[in-house]
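Quick one: structure below, then a few questions.
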Amino acid sequence: MQITKRLEDALVKLYNAFHNNRLNPEDCTACAVGNILDNHDSWKHLSDKHGSLQLNYIGQVHQNLGRKFNGYTPAELLQIEKVFLDACGFKTPLCHYNPKPINPTESDNLFNGLSAVVDLLCTLDKVDNVMDYSKLFEQENGEPVYHLETFLT
């Protein structure tokens with residue numbers, strides 16, 4: 001499967017963040033978009049409400065100028081963040097009275113968020129979801145269609 005450079009870069013950053021405990025939905029430098037953008041928080045100025053899909057004036061200017069941040073448009077970045085927050089159990093847009101998960105950095109919450117983001121990133125780049133393992137269970141005449149090779153001896 002061929003994937004784009006921006007997708008590969010984003011997947012590596014998100015994978016490393018997840019496994020190094022540097023993925024945090026409540027920190028704009030360590031959330032999905034924060035990690036994709038090299039742990040910078042300047043992206044938060046693209047919208048007035050965290051977790052909203054609505055670009056503010058600054059975000060709209062960048063969008064209209066065709067600017068991209070590590071390959072992603074401002075609108076795509078807002079989509080990524082909303083999907084991440086929603087899948088982690090937050091009610092978006094974030095607000096002090098909206099519900100949020102009891103433990104936002106619990107690994108199951110983060111994995112759900114990460115999985116949703118990977119699915120969106122693959123959709124944006126028009127490639128099959130790299131985390132889709134359903135093909136492993138496909139059968140023809142009761143036999144598996146695909147075979148895994150083990151590296152154990």
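The values are calculated or read from the model by the stated rules, or taken from the named source; none is laboratory data. None of these values were measured; they are calculated from a predicted model. FYI the Cβ positions are ideal-geometry reconstructions off the backbone, even for glycines, and counts take in every protein chain you see.
Can you confirm whether ILE80 is aliphatic (A, V, I, L, M) and surrounded by fewer than 21 Cβ atoms within 10 Å (Cβ to Cβ)?
When the stated conditions are applied, ILE80 does not pass them.
On the basis of being over 27 Å from GLN2 (Cβ atoms) and crowded, with 20+ Cβ neighbours inside 10 Å, does GLY34 make the cut?
When the stated conditions are applied, GLY34 passes them.
Could you check, for segment 22-42, whether at least one of its residues is free of Cβ contacts under 8 Å to residues at least 12 places away in the same chain, among the small types (Gly, Ala, Ser) and closer than 18 Å to ALA87 by Cβ?
Yes, that holds for at least one residue.
Being in contact with a strand residue (DSSP E or B) (Cβ under 7 Å, 6 or more places away or on another chain) and part of a helix (DSSP H, G or I) narrows it down to one of LEU77, LEU121, so name that one.
Checking each option against the conditions leaves just LEU77.
Let me ask something additional. Scan segment 76-85 and give yes if some residue there is modelled with pLDDT of 95 or more, touching a Pro at 6+ places or on another chain (Cβ under 9 Å) and among the basic types (Lys, Arg), otherwise no.
The answer is yes, given that some residue of segment 76-85 is modelled with pLDDT of 95 or more, touching a Pro at 6+ places or on another chain (Cβ under 9 Å) and among the basic types (Lys, Arg).
Failed condition for VAL61, given (1) hydrophobic (A, V, I, L, M, F, W, C); (2) under 20 Å from ILE3 (Cα atoms); (3) at pLDDT 95 or above; (4) surrounded by fewer than 16 Cβ atoms within 10 Å (Cβ to Cβ), with all others met?
(2)
Okay, moving on. From the list PRO99, PRO93, which residue is at pLDDT below 95, more than 15 Å from VAL117 (Cβ to Cβ) and in contact with a Ser or Thr (Cβ under 7 Å, 6 or more places away or on another chain)?
PRO93
Moving on. Can you name the residue in segment 120-136 that is loosely packed, with under 14 Cβ neighbours inside 10 Å and not aliphatic (A, V, I, L, M) and, of all such residues, is modelled with the lowest pLDDT?
So the residue we want is LYS135.
I need a count of the residues in segment 40-93 that are touching a Lys or Arg at 6+ places or on another chain (Cβ under 8 Å) and at positive phi.
Final tally of qualifying residues: 4.
Residue under question is GLY113, and the condition is that it be at pLDDT below 95 and under 17 Å from the mean Cα position of the chain (by Cα); does it hold? Outline the logic, then answer.
Details: at pLDDT below 95: no; under 17 Å from the mean Cα position of the chain (by Cα): yes.
Considered against the rule, which asks whether it is at pLDDT below 95 and under 17 Å from the mean Cα position of the chain (by Cα), GLY113 comes out as no.
For VAL33, indicate whether it is at pLDDT 95 or above, aliphatic (A, V, I, L, M), outside any loop (DSSP other than H, G, I, E, B) and over 28 Å from SER107 (Cα atoms).
No.
Please go through segment 46-58 and pick out each residue that is part of a loop (DSSP other than H, G, I, E, B), surrounded by fewer than 16 Cβ atoms within 10 Å (Cβ to Cβ) and not hydrophobic (A, V, I, L, M, F, W, C).
Once the filter is applied, which keeps residues that are part of a loop (DSSP other than H, G, I, E, B), surrounded by fewer than 16 Cβ atoms within 10 Å (Cβ to Cβ) and not hydrophobic (A, V, I, L, M, F, W, C), segment 46-58 yields ASP48, LYS49, GLN54, ASN56.
Go through segment 124-133 and give me each residue that's without any contact (Cβ under 8 Å) to a residue 40 or more places away in the chain and either in a helix (DSSP H, G or I) or of a type outside the set (Phe, Trp, Tyr) (or both).
Of everything in segment 124-133, those that are without any contact (Cβ under 8 Å) to a residue 40 or more places away in the chain and either in a helix (DSSP H, G or I) or of a type outside the set (Phe, Trp, Tyr) (or both) turn out to be LYS126, ASN129, MET131, ASP132.
Output the number of the condition that ASN16 fails; it satisfies all remaining conditions of (1) surrounded by 15 or more Cβ atoms within 10 Å (Cβ to Cβ); (2) in a helix (DSSP H, G or I).
(1) is the only condition that ASN16 fails.
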